[in-house]
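Worksheet: the structure to be examined is printed underneath.
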Amino acid sequence: MKFTKSLAENMGHMQQVLQTDKNFDVVYRVLDIGKRKACLFFVDGLTKDEVLLKILQAWSSIEEADMPADAHGFSKKYLPYGEIGLLKNDEDMVVQLLSGISCLFIDGYDACLTIDCRTYPARSVDEPEKDKVMRGSRDGFVETLIFNTALIRRRIRDPKLIVEIMNAGQSSHTDIAVCYMAGRVDDALLKKIKKRIADIHVDALTMNQESLAEVIYPHKWYNPFPKFKFSERPDTAAACILEGNIVILVDNSPAAMILPSSVFDIIEEADDYYFPPITGTYLRLSRMMTALLSLLLTPTWLLLMMNPEWIPDWLAFIRLSDELFVPLIWQLLILEFAIDGLRLAAINTPNMLTTPLSVIAGIVLGEYSVKSGWFNSETMLYMAFVTIANYSQSSFELGYALKFMRIIILVLTSLLSGWGYLAGVVLSVAAIVFNKTIAGKSYIYPLIPFRFRELKKRFLRGRLPMEKKAD
């Protein structure tokens with residue numbers, strides 16, 4: 001519906017649409033401005049009360065003779081605060097209002113004046129729990145979109161940094177910010193991403209970024225290796241933007257979605273660059289080696305236990321020291337699922353109970369499970385290493401992808417011995433090699449296609465560039 005010059009018609013229609021008789025937090029105030037009737041709509045809790053109070057005080061002093069002829073003139077003369085807009089229909093007005101923007105109707109004006117004096121409940125920009133660093137910035141993204149864009153703007157003070165706002169969801173109208181550097185971004189990929197976001201036809205992005213990721217990249221869902229890099233660190237997001245990547249921020253989500261991302265991009269962390277090159281290189285290589293060990297350690301040990309004649313003399317100590325009651329494959333699989341159960345329990349455990357439950361879990365599931373014969377001590381040792389190794393890199397998605405591949409190798413090894421182990425390794429390699437980024441390029445570039453100079457940069461952390469020539 002288009003607005004008319006009659007305040008009574010506009011006000012009555014919006015009261016019906018917004019159901020103000022049922023929604024206690026949708027507030028409207030009828031007031032006089034320059035001897036004309038007016039109505040102000042706003043959402044309680046999303047408006048800066050002190051700002052709105054000052055604006056109302058300023059309106060109370062307007063004389064009838066000073067009232068402009070139209071809404072545009074009124075906005076220029078009597079609304080000097082912040083972002084002001086004019087809306088002609090109710091659909092746009094409802095979305096703006098429910099986003100926290102105050103809306104004003106004045107009798108005789110056929111437009112709604114919007115006043116952006118909104119505020120959102122927000123936590124402080126503390127260091128994220130997951131993406132911690134030993135040295136470097138201690139701020140992190142939060143659930144408020146405008147705060148997140150400000151953290152990036154603070155680091156990139158260049159007009160070529162573009163932050164485009166979009167939205168998705170017929171009910172949620174979730175705000176989505178697409179951030180990139182003009183002149184450095186892949187324009188074809190940017191156009192494709194923006195088109196896919198614009199073409200989203202869903203009721204709501206219920207799971208925020210994950211819902212968006214599955215919509216804009218629906219292919220090959222069966223491949224567990226992640227297609228996107230997620231980071232809660234604004235310094236990481238800013239660095240990726242400067243490298244030509246696209247960063248997508250979703251309102252109500254404290255993480256940035258970075259694309260396109262290869263497996264080497266996902267493994268990289270901020271600590272690699274907050275230390276000197278030799279230290280950064282060591283951290284990076286140790287992280288890659290630990291990830292590889294987390295994939296192959298338990299399947300290799302199972303293979304050697306199934307074929308003890310393959311064990312060399314210098315590795316004789318890896319043999320089982322106690323009697324075996326439960327087959328090793330079942331021990332390993334039970335522990336794989338039990339560890340995930342403990343992880344879920346730790347997430348849902350109240351803080352006051354964390355310490356006593358940790359002690360109980362350590363005693364019962366550690367010492368007593370070995371003594372009872374359910375598990376051998378060697379199995380517990382290797383699974384403990386694998387569990388810790390999963391946390392050597394920050395990507396949950398990559399950790400679970402390695403876990404799924406490890407379970408597949410374990411099962412194939414138990415069924416087919418050496419041939420099963422080989423088949424499992426080949427399947428894992430194929431899952432990485434034949435995976436593609438969202439740009440359609442190789443997931444393991446610069447290995448395929450091979451680029452030695454780029455590959456060296458992926459494994460060895462070189463000196464940071466000290467200067468850059470002007471474009």
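The values are calculated or read from the model by the stated rules, or taken from the named source; none is laboratory data. Source: prediction; values computed, not measured. For neighbour counting, all protein chains shown are included, and Cβ atoms are generated from backbone atoms with ideal geometry for every residue, glycine included. For accessibility, only protein heavy atoms count, side chains too; no ligands or nucleic acids. Shrake-Rupley method; radii C 1.70, N 1.55, O 1.52, S 1.80 Å.
Accessible surface for region 17-82, divided over its residues, is 63 Å² per residue with a 1.4 Å probe. At q = 0.07, 0.08 Å⁻¹ the log10 of I(q)/I(0) for the chain amounts to -0.53, -0.66, computed by Debye summation with a single uniform scatterer per C-alpha, solvent ignored.
Within the chain, what whole-number % of the accessible surface is contributed by carbon and sulfur, with the 1.4 Å probe and all protein chains included in the calculation?
The computed percentage sits at 61.
Sorted largest first, the spans of the alpha carbon positions of region 1-151 along the three principal axes are 64, 33, 22 Å. Is region 1-77 rounded, prolate or oblate when judged by the Cα gyration tensor, a ≥ b ≥ c being the square roots of its eigenvalues, rounded requiring a/c under 1.5 and prolate requiring a/b larger than b/c? Cα axes put region 1-77 in the oblate bin. Relative contact order for region 185-270: 30 percent, from Cα pairs under 8 Å spaced at least 6 residues apart, divided by residue count. Taking the Cβ of Ala439 as the center, what net charge do the other residues with Cβ under 11 Å away carry, scoring Lys and Arg +1 and Asp and Glu -1? So the surrounding residues net to +3. When region 74-122 is described by a simple charge dipole with +1 on each Lys and Arg Cβ and -1 on each Asp and Glu Cβ, the residue from Met93, Tyr109, Thr119 located farthest towards its positive end is Thr119. With kT/(6 pi eta Rh) evaluated at 25 °C and eta = 0.890 mPa s, and Rh the Kirkwood radius from Cα pairs, region 70-188 diffuses with a coefficient of 141 µm²/s according to Stokes-Einstein.
Neighbours of Arg36, meaning other residues whose beta-carbon lies under 10 angstrom from its beta-carbon, give a summed charge of -1 when Lys and Arg score +1 and Asp and Glu score -1. Ellipticity at 222 nm from helices only: DSSP H runs of n ≥ 4 in the chain, each -39500 (n - 2.57), divided by the residue count, give -14000 deg cm²/dmol.
I need to check one value: relative contact order of the chain, counting alpha carbon pairs closer than 8 Å and at least 6 residues apart, in percent.
13
Think of a 1.4 Å ball rolled over the protein heavy atoms: region 395-441 then has 47 Å² of accessible area per residue. Between Glu127 and Ser372, the distance separating the two model label sites (each 7 Å from Cα on the Cα→Cβ line) works out to 3.9 nm. Label separation (Asp158 vs Ser171): 4.2 nm, computed from points 7 Å beyond Cα along the C-beta direction. Packing, taken as the mean count of other beta carbons within 10 Å per residue, orders the peptides 148-159, 334-345 from highest to lowest as 148-159, 334-345. Put simply, when 200-206, 135-141 are sorted by average Cβ atoms within 10 angstrom per residue, most first, you get 135-141, 200-206. Our Cα-only numbers for region 100-143 put the radius of gyration and Dmax at 19.6, 62 Å. Electrostatic bookkeeping for Asn252 treats Lys and Arg as +1 and Asp and Glu as -1; over the other residues with beta carbon under 15 Å from its beta carbon, the sum is -3.
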